[in-house]
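As structure tokens, the structure follows; a few thoughts come after it.
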Amino acid sequence: MSSYFQLRMSYIPNAICILRIILVIPIIDFLWDKQYENALGLIAIAGISDFLDGFLAKRNNWRSKLGAALDPAADKILLVSVFVTLYFMDLIPFWLMATVLMRDFMILFGLALYYYFIEKPNPNPSFISKFNTNLQIFFVLFVIAGQIFSSNFDLLIQFTGALVFLTSILSGMDYWISWSIKAKQIITAKA
């Protein structure tokens, strides 16, 4: 009975990830309705849930292949949805939204190529990638908070936006370069 209970408990991090994905719908709805306080509150809940599912998975050894895929997917679904929404609301520039989307597209494309030609990839995020994701979260929070508290966030929004642009390019290049080096090593070892 104890192992059955433990097995059931191990699903909690995945359930939290799924909840985070579901939260995207009301977050976008609140943004469109210019209910920025509510959107900000739900984004904060999503951020806490991201920390919580990772903490529970690591602390209790509840890691799974599903969780390893769900967690970054939940982050990307939330961030891409919010970036696109903020662009269509004229709150962020096209070039920044396009850079963030292009980075994610290029990473997915690179993963697909690596999977097809080399082997199943193990896409462990690098420091620059984690830093970029955190910057994207802060940037989104600052943009939304700027709508609540008027222009007090303008300089912070510009600064973090510039950093998001730079780190999006750097982290995308980092993935492509590191996967290319690894692919070359694997191909050389097989020859």
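Values quoted throughout were computed directly from the atomic coordinates according to the rules given, and no laboratory measurement underlies them. Here the structure is a predicted model, which means the values were calculated and not measured. Cβ sites come from the backbone with ideal geometry, for glycine too, and all protein chains shown count toward neighbours.
Observations on the model:
- As a proxy for reagent exposure, D90, D53, D174 were ordered by neighbouring Cβ count within 10 angstrom, fewest first; the result is D90, D174, D53.
- The range 120-191: projected area of the alpha-carbon convex hull, averaged over directions, in nm²: 5.4 nm²
- Taking the convex hull of Cα positions in the chain, its mean projected area over all directions (nm²): 12.8 nm²
- Note that the range 129-144 has calculated 3J(HN,Hα) couplings of 5, 4, 4, 4, 4, 5, 4, 4, 4, 4, 4, 4, 4, 5, 4, 5 Hz, one per residue in order, obtained from phi through the Karplus relation 6.51 cos²θ - 1.76 cosθ + 1.60 (θ = phi - 60°); glycine and proline are x.
- In order along the range 163-168, phi translates into HN-Hα couplings of 5, 4, 4, 5, 6, 5 Hz, rounded to whole numbers, per the Karplus curve 6.51 cos²θ - 1.76 cosθ + 1.60 with θ = phi - 60° and x for Gly and Pro.
- Sorted by Cβ density within 10 Å, fewest first, the residues R63, R20: R63, R20
- Here the range 89-156 and the range 21-72 have alpha carbon centers that stand 16 Å from each other.
- Along principal axes, Cα extents of the range 45-86, largest first, whole Å: 37, 20, 8
- Between amide H atoms placed 1.01 Å from N, distances below 5 Å from I92 occur with Y87, all of them 5 or more places distant or on a separate chain.
- Basic side chains Lys and Arg get +1 at the Cβ, acidic Asp and Glu get -1 at the Cβ, and with that the dipole of the chain about its Cα centre reaches some 920 debye.
- Close lysine pairs were tallied over the chain: pairs 8 or more places apart or on different chains with Cα atoms under 20 Å apart number 9.
- For the range 1-74, Kirkwood radius (reciprocal of mean inverse C-alpha pair distance, Å): 13.1 Å
- Phi angles across the range 42-48 convert, under the Karplus curve 6.51 cos²θ - 1.76 cosθ + 1.60 with θ = phi - 60°, into 3J(HN,Hα) values of 5, 5, 5, 4, 4, x, 5 Hz, Gly and Pro given as x.
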